[in-house]
1. Which of the residues that make up region 257-272 are of a type outside the set (S, T, N, Q) and loosely packed, with under 13 Cβ neighbours inside 10 Å?
2. Does at least one position in region 41-56 carry a residue that is assigned to a strand (DSSP E or B) and in contact (Cβ under 8 Å) with a residue 40 or more places away in the chain?
3. Taking Ala162 and the conditions (1) over 30 Å from Leu222 (Cα atoms); (2) hydrophobic (A, V, I, L, M, F, W, C); (3) touching a helix residue (DSSP H, G or I) at 6+ places or on another chain (Cβ under 6 Å), which numbered condition does it fall short on, given that it satisfies the others?
4. Just to be sure, is Thr254 β-branched (Val, Ile, Thr) and within 18 Å of Ala137 (Cα to Cα)?
5. I'm trying to understand the selection: among the residues of region 167-184, which are farther than 15 Å from Ala141 by Cβ, of a type outside the set (D, E, K, R) and surrounded by fewer than 21 Cβ atoms within 10 Å (Cβ to Cβ)?
6. Name the single residue that is farthest from Ala128 (Cα to Cα) among those in region 155-183 being among the small types (Gly, Ala, Ser) and modelled with pLDDT under 95.
7. Considering each of Gly245, Gly201, Gly236, Gly227 in turn, give the residue that is over 25 Å from Phe97 (Cβ atoms) and not in a loop (DSSP other than H, G, I, E, B).
8. In region 149-156, is there at least one residue being surrounded by 19 or more Cβ atoms within 10 Å (Cβ to Cβ), over 18 Å from Leu200 (Cα atoms), outside the structural domain of Val40 (by TED's automatic domain parsing) and under 10 Å from the mean Cα position of the chain (by Cα)?
Amino acid sequence: MNRSARAFWLRSPGHGEIRDLRLPDPADGEVVVRTLFSGVSRGTETLVFRGGVPASQHGVMRAPFQEGDFPGPVKYGYLNVGVVEEGPAELAGRTVFCLYPHQSRYVVPASAVTPVPDTVPAERAVLAGTVETAVNALWDAAPLVGDRIAVVGGGMVGCSVAALLARFPGARVQLVDADPGRAKIAEALGVGFAAPEDALGDCDLVVHASATEQGLARSLELLTVEGTVLELSWYGDRRVALPLGEAFHSRRLTIRSSQVGTVSPARRSSRGYADRLALALDLLADPALNALVTGESAFEELPEVMPRLASGDIPALCHRIAYGG
């Protein structure tokens, strides 16, 4: 079998390259996967690309199959869909999702891959890792039927949360973003849209995912009495100032963090990581989620594409990378 592979590495902050390598022979219980597509999650991966991971978070931010260390050289990424070329009979030939970096072929334990349901195209399955984040966030947030909800920040994570909330019975859901272009995505997902200054208030829950100080402050302003902001943003090495005077205490507001690295306490006793990821893949059967993939490039173009994603020259939610034959 073919043991050659190519991988994208961050050589140093702001500079990427593609490296050739030879794969080891798979051991018992391992699979060889040929990548079909990978996805660039613009928020987290471009922060890594810029070298913005604080030293205190180098361990926490490691991807499952990361090689090297922050700030570089490092091979980083976690949205990969491919076909099992070698492995146990029940997986051979299957399309699978894996939390693996941008690499054309790789060897991992069979337990590290999750079969993609037949109802989910491989092109859409690259969203599984981010939809999994949204699932965990809503386990943390525990919205109620009929809640008034705003999602502040129309990036990949925010839009994934909005997409799941669009199915929630009786909820008023509004995606809030400074970019008017996000209105079309909100419409495709089946939720309302507003610029920050026009957003509907009296929210029982605000999910914040803009990764900006202004967005978090506006999230607090949109809450009703005793409302909650669920904070999903990752700020890297940036400090954030908040207006915790004014009416923060008298209105008994709450800011709660959520992070996908652990299963939400609300479900930890009954669901594991594999259950959560399998659920995310099942949810991707909804074609409305195609709206979250906003562009595609060939794998060989990644060293030129990643700086443009990091600078915003290529506006993106999830930018899909295609590996060809």
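1. Applying the first criterion (of a type outside the set (S, T, N, Q)) to region 257-272 yields 260-261, 263, 265-268, 271-272.
If the condition is that a residue be of a type outside the set (S, T, N, Q) and loosely packed, with under 13 Cβ neighbours inside 10 Å, then Gly261, Pro265, Arg268, Gly272 are the ones that fit.
2. Here is the first cut: in region 41-56, the ones assigned to a strand (DSSP E or B) are 41.
This time we only want the ones that are in contact (Cβ under 8 Å) with a residue 40 or more places away in the chain, so: 41.
Taking every residue of region 41-56 in turn, at least one turns out to be assigned to a strand (DSSP E or B) and in contact (Cβ under 8 Å) with a residue 40 or more places away in the chain.
3. (1)
4. Details: β-branched (Val, Ile, Thr): yes; within 18 Å of Ala137 (Cα to Cα): yes.
It is true that Thr254 is β-branched (Val, Ile, Thr) and within 18 Å of Ala137 (Cα to Cα).
5. Scanning region 167-184 gives Pro169, Gly170, Ala178, Pro180, Gly181, Ala183.
6. In the first step, residues of region 155-183 are kept if they are among the small types (Gly, Ala, Ser); the result is 155, 158, 160, 162-163, 166, 170-171, 178, 181, 183.
Filter once more, so that each one left must be modelled with pLDDT under 95: 155, 181.
Numbers: Gly155: 15, Gly181: 24 Å.
Going through the qualifying residues, I end up with Gly181.
7. Residue meeting the stated conditions: Gly227.
8. Within region 149-156, one or more residues are surrounded by 19 or more Cβ atoms within 10 Å (Cβ to Cβ), over 18 Å from Leu200 (Cα atoms), outside the structural domain of Val40 (by TED's automatic domain parsing) and under 10 Å from the mean Cα position of the chain (by Cα).
The values are calculated or read from the model by the stated rules, or taken from the named source; none is laboratory data. Just so it is clear, the model here is predicted, and its values are computed rather than measured. When we count neighbours, we look across all protein chains shown, and the Cβ atoms used for this are built from the backbone with ideal geometry, even at glycine.
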